[in-house]
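Colleague: Got a structure for you, written out below as structure tokens; questions coming shortly.
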Amino acid sequence: MRARGAVAFAVALVACLAAGLWLGGHPRDLPGPLRDAFVAEPGGLSAEAAEAIEDNYYRPAGEQELGNASLQGMVRQLRKGNEEDRYSEYFSPEALESFNQQIEGRFSGIGLTVVSVKEGLRVATVFPRSPADEAGIESGDTIVSVEGESIAGKTSAEATKKIKGPEGTQVTIGVRDGKRGKLRELTITRAEVELPNVSGSVRAVRGRKLGYVRMLSFSEAAHAQLAKVVEGVERDGAEGIVLDLRHNPGGLLEEAVLSANVFLPEGEVVVATKSRTQGDSVHKTPGEPITDLPVVVLVDGGTASAAEILAAALADDAGATVVGARTYGKGLFQEEQSLANGGALKLSVGEFFTPKGVNLAQSHGIHPDVKALDDPATPADEAKQRALGVLAAQVG
């Protein structure tokens, strides 16, 4: 009885001490043995270090700033120890809002897509009637600075984060003209931009009517937008389709599977996944396709993740010709884990494999059947012309 009472008292004491720390106490105020036990735990040590920084650092450091930095540090260490994982990251509440907007097909910014280059960000697409379009920015231009600071050497995520911001606020960017090389400084007012995610047209090539469909991302409902555009170009007489996935960074895995079903019959394997925590899964097309027209897929180094999944499925299952340049080569998929502060961890939780069992990280991407590159210094889109020419030969 006395032993049980002693244990109960010890548990109560620890609980009270823990409550004191939660309410604002500090490990240094604990008795020696309890302090050692507390700081031996990673969380306790982090709390002690954060308090020491707040109390002693030569400039003010807020609790939220330190908390975000601690979480970012944990994720950076994970990536450092696993070279193939460049994708796990911590989102602060503000960054998570921006990420979710992109998944929903909207964001607050200036209205363009970009590709990371040595000098900064090369403009791939300018959305019609966006702030960037109104400012005269064109595809092929390069953004070299934001608010007077060079973005050379910055990752795409770091650089684009500087450009995006709340609707109605302004951002000043340095833009180098893609044709003449002239540098100009533009101050642009950010706006809410809705992604024109899928667009299409029909054109005559070598006497054949060919559909051209451009897909920018795999945000929510992307497959429905794709289906609508494909139905439209087929209704307008297209005999085949070039599906342009260049500069498409991917998005939702489910959208890739449903997008494949626009072209592939029911029961075709689109992608297989393997995960330590979620087990192994095979994702197949759930229904009948929208079209049976021949397809040529156009890709480049900015084609990644869900876009690579779709391209590989069309190549493996339907024999679609892949034209362009080697794709990004992403072989991991991520899942969002919500946190109590309103932020989230985006963690790599497994690997994915093409219908033929290839992990695209290990294969260093999809290698095109027909190589074609666009020259940004010319007004023509040489890679697009090459893809249309390949398709014309197939339907001729």
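The values are calculated or read from the model by the stated rules, or taken from the named source; none is laboratory data. Values in this document were obtained by computation on a predicted structure and should not be read as measured data. As a convention, Cβ positions derive from the backbone with ideal geometry for all residues, glycine included, and neighbour counts pool all protein chains shown. With ligands, DNA and RNA removed, areas are computed over all heavy atoms of the protein, side chains included. Shrake-Rupley method; radii C 1.70, N 1.55, O 1.52, S 1.80 Å.
Colleague: Need the failing condition index for A344 against (1) open to solvent by 20 Å² or more (accessible area, probe 1.4 Å); (2) under 30 Å from Q64 (Cα atoms), just the number.
Modeller: Against the list (1) open to solvent by 20 Å² or more (accessible area, probe 1.4 Å); (2) under 30 Å from Q64 (Cα atoms), A344 comes up short only on (1).
Colleague: Another question about this same structure. Could you check E254 against (1) at pLDDT 95 or above; (2) over 14 Å from A312 (Cα atoms); (3) open to solvent by less than 50 Å² (accessible area, probe 1.4 Å) and say which number it fails?
Modeller: The one condition E254 does not meet is (3).
Colleague: Would you check if V193 is open to solvent by less than 20 Å² (accessible area, probe 1.4 Å) and out of contact with any helix residue (DSSP H, G or I) (no Cβ under 6 Å at 6 or more places or on another chain)? Working first, answer last.
Modeller: Details: open to solvent by less than 20 Å² (accessible area, probe 1.4 Å): yes; out of contact with any helix residue (DSSP H, G or I) (no Cβ under 6 Å at 6 or more places or on another chain): yes.
The answer is yes for V193.
Colleague: Just give me the residues in the stretch 207-236 being part of a helix (DSSP H, G or I) and small (G, A, S), in sequence order.
Modeller: Within the stretch 207-236, A222, A224, A227, G232 qualify.
Colleague: Could you tell me whether the stretch 127-138 includes any residue that is closer than 29 Å to G240 by Cα, under 21 Å from the mean Cα position of the chain (by Cα) and part of a loop (DSSP other than H, G, I, E, B)?
Modeller: yes
Colleague: Here's a follow-up. Which numbered condition trips up K164, out of (1) open to solvent by 30 Å² or more (accessible area, probe 1.4 Å); (2) under 23 Å from G301 (Cβ atoms); (3) without any contact (Cβ under 8 Å) to a residue 40 or more places away in the chain?
Modeller: For K164, the failing item is (3).
Colleague: Within the stretch 174-189, identify whether any single residue is open to solvent by 60 Å² or more (accessible area, probe 1.4 Å), within 29 Å of I309 (Cα to Cα) and at pLDDT below 90, and answer yes or no. Reasoning before the result, please.
Modeller: Here is the first cut: in the stretch 174-189, the residues open to solvent by 60 Å² or more (accessible area, probe 1.4 Å) are 176, 179-180, 182-185, 187, 189.
Then keep just the ones that are within 29 Å of I309 (Cα to Cα); that gives none.
Looking through the stretch 174-189, none of the residues is open to solvent by 60 Å² or more (accessible area, probe 1.4 Å), within 29 Å of I309 (Cα to Cα) and at pLDDT below 90.
Colleague: Of these, R206, R235, which one is open to solvent by 50 Å² or more (accessible area, probe 1.4 Å) and on the phi > 0 side of the Ramachandran plot? Walk me through it before giving the result.
Modeller: Details: R235 fails: on the phi > 0 side of the Ramachandran plot.
Of the residues listed, the single one that is open to solvent by 50 Å² or more (accessible area, probe 1.4 Å) and on the phi > 0 side of the Ramachandran plot is R206.
Colleague: Could I ask something else about it? Given the conditions (1) free of Cβ contacts under 8 Å to residues at least 60 places away in the same chain; (2) outside any loop (DSSP other than H, G, I, E, B), which single one is not true for T327?
Modeller: Unmet condition: (2).
Colleague: Still on this structure, please answer the following. So, in the stretch 305-324, exactly how many residues are more than 17 Å from L258 (Cα to Cα), open to solvent by 20 Å² or more (accessible area, probe 1.4 Å) and touching a residue at least 40 places away in the same chain (Cβ under 8 Å)?
Modeller: First, the residues of the stretch 305-324 that are more than 17 Å from L258 (Cα to Cα): 319-324.
Those still in the list that are open to solvent by 20 Å² or more (accessible area, probe 1.4 Å) too: 319, 321.
Next, only the ones that are touching a residue at least 40 places away in the same chain (Cβ under 8 Å) stay: 321.
So the count comes out to 1.
Colleague: Let me ask you something else. List every residue pair whose Cβ atoms sit under 9 Å apart, with the two residues 6 or more apart in sequence or on different chains, where the first one lies in the stretch 253-281 and is over 18 Å from L293 (Cα atoms) and without any contact (Cβ under 8 Å) to a residue 24 or more places away in the chain and the second, anywhere, is open to solvent by less than 10 Å² (accessible area, probe 1.4 Å) and in a loop (DSSP other than H, G, I, E, B).
Modeller: Correct list of pairs: G267/T285.
Colleague: Across the stretch 350-370, what is the number of residues that are surrounded by 17 or more Cβ atoms within 10 Å (Cβ to Cβ), farther than 15 Å from V295 by Cβ and among the hydrophobic types (A, V, I, L, M, F, W, C)?
Modeller: Matching residues across the stretch 350-370 total 4.
Colleague: Considering each residue of the stretch 42-81, count those that are of a type in the set (A, V, I, L, M) and farther than 25 Å from E335 by Cβ, and give that number. Write out each step before concluding.
Modeller: Kept after step one, since they are of a type in the set (A, V, I, L, M), are these residues of the stretch 42-81: 45, 47, 49-50, 52-53, 61, 66, 69, 71, 74-75, 78.
From what's left, farther than 25 Å from E335 by Cβ: 45, 47, 49-50, 52-53, 61, 66.
Looking only at that region, the number is 8.
Colleague: Filter the stretch 288-320 for residues that are more than 16 Å from the chain's Cα centre (by Cα) and part of a loop (DSSP other than H, G, I, E, B) and give the result.
Modeller: First, pick out the residues of the stretch 288-320 that are more than 16 Å from the chain's Cα centre (by Cα): 288-299, 311-320.
Residues satisfying the conditions are E288, P289, I290, T291, D292, L293, P294, G319, A320.
Colleague: Filtering the stretch 284-294 down to residues that are open to solvent by 20 Å² or more (accessible area, probe 1.4 Å) and in contact (Cβ under 8 Å) with a residue 40 or more places away in the chain, which residue is farthest from D369 (Cα to Cα)?
Modeller: Here the answer is I290.
Colleague: Going by the structure shown, is G331 under 21 Å from T277 (Cβ atoms) and more than 15 Å from the chain's Cα centre (by Cα)? Quick ask: steps written out before the conclusion?
Modeller: Values: under 21 Å from T277 (Cβ atoms): yes; more than 15 Å from the chain's Cα centre (by Cα): no.
For G331, the condition - under 21 Å from T277 (Cβ atoms) and more than 15 Å from the chain's Cα centre (by Cα) - is not met.
Colleague: From the list L121, L96, exactly one residue is open to solvent by less than 30 Å² (accessible area, probe 1.4 Å), more than 25 Å from A340 (Cα to Cα) and not acidic (D, E). Which is it?
Modeller: Details: L96 fails: more than 25 Å from A340 (Cα to Cα).
Only one candidate qualifies: L121.
Colleague: Restricting the first residue to the stretch 187-201 and requiring it to be farther than 21 Å from I173 by Cα and part of a strand (DSSP E or B), which pairs with a second residue that is hydroxyl-bearing (S, T, Y) and open to solvent by less than 40 Å² (accessible area, probe 1.4 Å) meet a Cβ separation below 7 Å and a spacing of at least six or different chains?
Modeller: Once the first residue is farther than 21 Å from I173 by Cα and part of a strand (DSSP E or B) and sits in the stretch 187-201, its partners that are hydroxyl-bearing (S, T, Y) and open to solvent by less than 40 Å² (accessible area, probe 1.4 Å) give G200/Y212; S201/Y212.
Colleague: Separate question: When you scan the stretch 371-390, how many residues do you find that are open to solvent by less than 30 Å² (accessible area, probe 1.4 Å) and not in a loop (DSSP other than H, G, I, E, B)? First the steps, then the outcome.
Modeller: At the first step, the residues of the stretch 371-390 found to be open to solvent by less than 30 Å² (accessible area, probe 1.4 Å) are 372, 383, 387-390.
Subsequent filtering for residues that are not in a loop (DSSP other than H, G, I, E, B) retains 383, 387-390.
Final tally of qualifying residues: 5.
Colleague: Let me ask something else. Quick check on the stretch 145-161: of everything there that is farther than 15 Å from E119 by Cβ and modelled with pLDDT of 90 or more, which residue is most open to solvent (accessible area, probe 1.4 Å)?
Modeller: Out of the qualifying residues, it is E147.
Colleague: Would the stretch 272-283 turn up any residue that is open to solvent by less than 20 Å² (accessible area, probe 1.4 Å) and in contact with a strand residue (DSSP E or B) (Cβ under 7 Å, 6 or more places away or on another chain)?
Modeller: From the stretch 272-283, those open to solvent by less than 20 Å² (accessible area, probe 1.4 Å) are 273, 275; that's our starting set.
Still in the list and also in contact with a strand residue (DSSP E or B) (Cβ under 7 Å, 6 or more places away or on another chain): 273, 275.
Checked against the condition, which is being open to solvent by less than 20 Å² (accessible area, probe 1.4 Å) and in contact with a strand residue (DSSP E or B) (Cβ under 7 Å, 6 or more places away or on another chain), the stretch 272-283 yields at least one hit.
Colleague: Starting from the stretch 217-231, take each residue that is farther than 9 Å from E255 by Cβ and list its partners that are open to solvent by less than 20 Å² (accessible area, probe 1.4 Å) and charged (D, E, K, R), counting only C-beta distances under 8 angstrom and pairs at least six apart or across chains.
Modeller: none
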